[in-house]
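Only one structure is covered here, and it is reproduced in the block below.
The values are calculated or read from the model by the stated rules, or taken from the named source; none is laboratory data. Everything numeric in this text was worked out from a predicted model, so none of it was measured. So basically every Cβ, Gly included, is an ideal-geometry build from the backbone, and we count neighbours across all protein chains shown. Just the protein is used for accessible areas: all its heavy atoms, side chains included, with ligands, DNA and RNA removed. Shrake-Rupley method; radii C 1.70, N 1.55, O 1.52, S 1.80 Å.
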Amino acid sequence: MVRADGAASAGDVGVSFAEKLARERRARLAAERLLDQKQRELFAANSQLSVHARRLSDQIVAQRQETEVLKGENTRVQTSLERATVEAALAQRRLWEAVETIEDGFAVFDPTGRLIAANGAYLDLFDGQGIALGAQYHEVIAALSDRVAGLSGEAVLDWRHEMAARLQSDDIVPEVVGLIDGRHIRFLDRRGAAGDLVSMALDITEAMRREAELEEARSKAEAASRAKSAFLANMSHEIRTPMNGVVGMAELLCDTSLTEEQRLFAETIKSSGEALLVIINDVLDYSKIEAEKLRLYPEPFDLERCLHEVMLLLQPLAREKGLKLIVDFDLFLPTRFVADPGRMRQILTNLIGNAVKFTGAGHVLARVVGFEAGDGRFDLHVTIEDTGIGIPPDLVEHIFGEFNQVEDQSNRKFEGTGLGLAITKQLVTLMGGTIWVDSEPGKGSCFGFRLPLAAAEGADPDGGPARPILLRRAVLIEEAQIGRDILVRQLESYGLSVICARSLAEAQAHAGEAFDVVFLDADGLAESPCPAIPGKGGTVAPVLLLSSDGEVAGDWPGATAVLRKPVLRSQLLKVLQDLSYPRVPELEAKVPAAPPPAPREARAMRVLAAEDNRTNQLVFRKMVGGCDIELVFAGNGREAVELWRSGAPDMIFMDISMPEMDGREAARAIRAEEAARGGPRVPIVALTAHAMDGDEVSILAAGIDHYLTKPLKKAAILARIAEFCPPEARPAVPDGEEG
Ligand code: ADP
């Protein structure tokens with residue numbers, strides 16, 4: 001490259017000035033162009049630089065913003081962390097405050113058995129024994145064993161071993177420990193998921209003290225309840241004994257000649273006394289059930305007969321009110337079942353008695369249906385339906401409670417203790433059944449109970465071999481539809497076809513036909529000749545009268561028999577069989593007559609009566625006053641045994657509750673001596689005022705043959721005397737009084 005100024009000086013020699021100028025101009029132009037170019041390049045570089053600079057600046061701004069955001073986040077995280085740490089510390093503090101506050105011990109052992117946490121209550125258990133955090137479980141147990149009451153020697157090691165061994169189980173059994181300071185601690189231990197052992201030591205001293213108090217209170221209450229039962233048993237005796245005197249004397253008084261007014265008084269005394277005894281029995285029964293002392297004594301019995309007996313008992317009251325009593329016993333059911341007959345009778349008496357009591361007009365219908373449930377067992381449904389006053393719906397459940405009656409005390413029209421249904425419900429429940437009632441006020445009620453009962457095996461002991469009934473056609477004259485339908489069904493089940501008539505006149509319309517038997521409802525009919533309805537072979541059909549009291553008004557010439565309503569199926573069957581097989585008079589005449597009884601020696605029957613109560617002695621003496629007997633009294637059991645030895649009575653009436661030696665002991669002593677001597681067995685009849693359950697069993701177990709409950713009934717006593725009067729003695733009971 002040639003410097004511009006150097007070239008000019010060198011060319012001064014040959015080059016003109018103009019050239020020099022041109023050259024200079026060119027050089028200047030070139031320089032200007034270069035400058036221009038450089039300036040453009042510089043501009044371009046500048047503008048590029050400024051773009052870069054702007055970008056960089058943008059980046060810096062963005063980065064700064066990002067940094068700001070990150071910084072904010074960082075601060076936030078840091079704040080949350082700090083807050084979480086504070087909260088965790090607070091929670092932990094609260095937890096420990098809570099754990100410290102509870103009065104029970106709380107501790108945690110790590111999986112190696114090291115104590116890692118424990119509250120004060122837990123550590124207090126080992127007060128002064130150096131147990132602190134870090135101690136091993138076996139050290140804790142060892143320290144505890146020194147404080148356990150009643151542990152010494154070998155037992156200490158055994159106990160420690162047991163406490164350690166129980167931890168091996170998944171479900172650790174709680175352990176109650178009695179300490180020497182009198183406290184009782186229950187240890188509850190549980191394994192945590194990470195293998196920790198959480199241990200609670202609950203102080204149950206107070207709970208145990210309360211439990212002991214409760215136990216004591218319970219045994220006191222049980223003792224009081226036993227005392228109450230015993231008191232009731234005694235009360236039963238104490239009340240029933242004088243009541244026996246009252247009722248017995250009133251009965252005797254009724255037998256004497258009295259003015260009408262005097263008779264009314266005497267009869268009122270008697271019936272009030274009897275009513276009082278019924279109430280006492282109710283109260284006694286209820287308290288027995290309450291004390292869970294009531295036991296059932298199941299035995300085979302005839303349910304249908306039992307139902308009829310109850311109906312017959314209530315018949316006089318029903319007749320007075322003009323009520324019809326009807327029994328509908330499912331024809332396809334057996335009649336004999338196994339249950340406690342006394343209690344069954346009580347249930348039926350309560351329900352049917354109520355139905356009669358609360359019904360002013362209409363009928364009371366007892367219906368028994370059922371189905372076989374397998375294994376000789378039957379599911380029986382017994383319903384007692386009446387057309388009485390009914391029960392308001394809101395009181396239906398209430399009446400099964402004790403002392404609950406629909407009427408309140410202020411407007412009572414009906415007598416009763418309000419215990420009958422409570423007892424009935426309990427008895428049905430005790431027998432495994434359920435009881436219910438449907439009722440509509442003003443229309444009537446239907447009480448029902450369901451009982452699972454086993455049918456009694458073997459035939460009815462009273463029933464002979466069944467003979468087929470040979471009668472085919474019957475006419476039934478009865479006004480009421482309901483009783484009629486049931487009898488028709490029964491007759492049809494025996495193979496008879498039955499024509500029904502509502503009146504004698506209607507029956508006469510069938511006089512052109514021949515019937516084997518006529519049933520005539522005699523209730524409400526005055527005496528009249530029996531309808532002469534033609535029978536077989538030109539005879540008149542036999543007439544069976546149906547009557548609610550077993551007797552018919554006046555004379556019914558031509559009637560064959562009277563059947564008591566409601567008609568018992570076995571009775572009906574017997575009458576139909578008798579009619580099917582009439583006895584042939586000539587055959588009977590040929591049967592040799594029984595030899596006349598051997599003449600009796602002229603000695604009176606000897607009767608010993610053991611009875612400590614003077615009034616009862618008097619009542620007894622009066623009741624047997626008309627008998628031809630030699631009567632001796634013993635004042636207690638010991639005297640009875642002595643008089644039996646010296647007097648050889650033909651029978652003994654034995655009171656059960658007597659001082660010195662009671663009736664059972666006396667009977668046992670007599671039976672033991674009889675067995676030792678090999679002598680005859682004297683009949684012993686217990687007289688008992690006791691109604692506590694199980695008495696019947698213990699009485700019969702003492703070797704007593706029968707028992708009569710007080711108040712005594714003259715007829716029952718005379719019946720027993722007549723039964724046991726020996727052949728060598730004069731007849732003891734006057735004819736017609738043998739019950
Ligand atoms: P009570 O000794 O009063 O008869 P119950 O326990 O046998 O006691 O009956 C309780 C009450 O239930 C009765 O007082 C009566 O109000 C009502 N009751 C029971 N049976 C009947 C019935 N067949 N018809 C109407 N009310 C009845």
*Karplus-derived 3J(HN,Hα), 6.51/-1.76/1.60, for each residue of region 344-349, Hz, glycine and proline x*: 5, 5, 5, 4, 5, 4
_Per residue accessible area in Å² of the chain, where ligands, DNA and RNA are left out and the probe is 1.4 Å_ = 56 Å²
*Given labels modelled 7 Å from the Cα in the Cβ direction, how far is it in nm from E660 to E274?*
3.6 nm
_Label-point separation in nm, R190 to L470, each point 7 Å along Cα→Cβ_ = 8.8 nm
*Between A142, Q59, G418, whose Cα lies farthest towards the positive end of the dipole of the chain when Lys and Arg beta carbons carry +1 and Asp and Glu beta carbons carry -1, centred on the Cα centre?*
Q59
_Amide H within-cut-off set for V624, under 5 Å, with H built and near neighbours excluded_ = none
*asked:* What's the magnitude of the charge dipole for the chain around its Cα centre, counting Lys and Arg as +1 and Asp and Glu as -1 at the beta-carbon? Answer in Debye, nearest 20.
replied: 2660 debye
*Of all the stretches in the chain, which is the longest one without any exposed loop site, taking chymotrypsin sites (Phe, Trp or Tyr not before Pro) in a DSSP loop (any state but H, G, I, E, B) with at most 10 other Cβ atoms within 10 Å?*
404-739
*Decide, for region 43-188, between rounded, prolate and oblate: order the square roots of the alpha carbon gyration tensor eigenvalues as a ≥ b ≥ c, take rounded if a/c falls under 1.5, and otherwise choose prolate if a/b is larger than b/c, else oblate.*
prolate
*Return the distance in nm (one decimal) between the two label points of a simple spin-label model at T539 and S503, each offset 7 Å from Cα along Cα→Cβ.*
3.1 nm
*Any chance you could check the Cα centroid distance between region 102-136 and region 202-224 for me, in angstrom?*
32 Å
_Karplus-derived HN-Hα couplings along region 140-153 (A = 6.51, B = -1.76, C = 1.60, θ = phi - 60°), whole Hz, x at Gly and Pro_ = 4, 5, 4, 5, 5, 4, 5, 9, 7, 6, x, 10, 7, x
*Taking Cα atoms, how many degrees apart are the long axis of helix 303-321 and the longest axis of the chain, rounded to 10 and kept between 0 and 90?*
70 degrees
*Could you state the angle between the C-alpha long axis of helix 614-623 and the longest principal axis of the C-alpha atoms of the chain, as a value from 0 to 90 degrees rounded to the nearest 10?*
50 degrees
*Theoretical gain in end-to-end length, R114 to A648 [0.36 nm per residue, Cα-Cα removed]*: 183.1 nm
*Report, in degrees rounded to the nearest 10, the 0 to 90 angle that the Cα long axis of helix 205-254 makes with the longest principal axis of the chain.*
20 degrees
*What FRET efficiency would be calculated for the residue pair E211, A480, taking the C-beta separation as r and a Förster radius of 56 Å, to the nearest 0.05?*
0.30
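Sequence gap at least 6, Cα distance under 8 Å: using those rules, report the relative contact order of the chain to the nearest whole percent.
8 percent
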*Hey, if you put +1 on the Cβ of every Lys and Arg and -1 on every Asp and Glu Cβ in region 283-404, which of V369, L348, V396 ends up farthest toward the positive end of that dipole?*
L348
*Computed FRET efficiency, Cβ-Cβ of Q39 and E73, R0 51 Å: what is it to the nearest 0.05?*
0.55
_As an exercise, use a Förster radius of 22 Å and the Cβ-Cβ distance of I180 and D124 to find the FRET efficiency, rounded to the nearest 0.05._
0.95
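Within the chain, what whole-number % of the accessible surface is contributed by carbon and sulfur, with the 1.4 Å probe and all protein chains included in the calculation?
Numbers: 23190 of 41160 Å².
Here it works out to 56 percent.
Can you compute the charge dipole magnitude of region 109-206 about its Cα centre, using +1 on each Lys and Arg Cβ and -1 on each Asp and Glu Cβ, nothing else charged? Give it in debye, rounded to the nearest 20.
Numbers: 8 positive and 16 negative charges, 27 e Å.
About 140 debye.
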